[in-house]
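Below: the structure, in structure tokens.
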Amino acid sequence: MPRTFIAIDIDEEVRKKIVSAQGQLEATGADLKLVEPPNIHVTMKFLGDIPDDKIGEIFRALERSVVGVSKFDIRVRGIGVFPNLNYIRVIWAGVDEGKDELTDLEKKIDRELQPVGFRPERGFVPHLTIARVRTARQKERLASFVKQMSDVDFGVTRVFAVELKQSTLTRKGPIYSTLARVELA
């Protein structure tokens, strides 16, 4: 059973700027696991382990969810954290412009996936995970850096499609592959 999620890919210019910020994050001395550059994306929905025979149903649900949705731009801006600056577990780049379009698309995806057996998301926050924090080492330096980067502009990327991705876990980290891609209008 493949471990899966639904994602939106980003363009190389935005990715390069995020990778540069990852280097600065690493320079804080915090104990981080950086997301590999090819794996940086906007997660629309995590599906988990799904039976192979459900992939077709999910693909058809994605096709229905994008009917009438035109390609649009998102601006990737700012660095933030989950859950908060006092206890940082995940570091992310935010979505500024295009946030409403992403949220609307996520609701459509949720609605179409419910009959397939997936629960709706609660509190969807469009973002791109760029690092995970392992321990509290250099927590203050890390929090200070995140505050400084709260409004950094990574640029604009065009949303062309939603993708059903598979995550294969390895010792070196996850390897993502695309199982299905649904183009926007």
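Bear in mind these aren't lab numbers, they're just calculated from the coordinates by the rules spelled out. Keep in mind it's a predicted model, so treat the numbers as computed, not measured. For neighbour counting, all protein chains shown are included, and Cβ atoms are generated from backbone atoms with ideal geometry for every residue, glycine included.
Dipole size of the stretch 73-135 about its Cα centre, with +1 on Lys/Arg Cβ and -1 on Asp/Glu Cβ: approximately 440 debye, rounded to the nearest 20. The local environment of P83, defined by Cβ-Cβ distances under 15 Å, has a net charge of +4 under the rule Lys, Arg +1 and Asp, Glu -1. Of T43, T103, the sequence from fewest to most neighbouring Cβ atoms within 10 angstrom is T103, T43. Mind scanning K16/K172; K71/K147; K33/K54; K17/K54; K139/K165; K33/K147 and naming the pairs with a C-alpha gap bigger than 30 Å? The answer is K71/K147; K33/K54; K17/K54; K139/K165. Charge tally for I130 (other residues, Cβ to Cβ under 12 Å; Lys, Arg +1; Asp, Glu -1): +2.
With a cut-off of 15 Å between beta carbons, the residues surrounding E106 carry a summed charge of +1, where Lys and Arg count +1 and Asp and Glu -1. Only helical runs count toward this figure. For the chain, summing -39,500 (n - 2.57) over DSSP H runs of n ≥ 4 and dividing by all residues gives -8500 deg cm²/dmol at 222 nm. Here the Karplus relation 6.51 cos²θ - 1.76 cosθ + 1.60, evaluated at θ = phi - 60°, turns the backbone of the stretch 172-178 into coupling constants of 7, x, x, 10, 9, 9, 8 Hz, with x for every Gly and Pro. Once you reduce the stretch 119-180 and the stretch 25-77 to the center of their Cα atoms, the two points are 9 Å from each other.
Under the criterion of Cα pairs below 8 Å and six or more residues apart, the relative contact order for the chain equals 36 percent.
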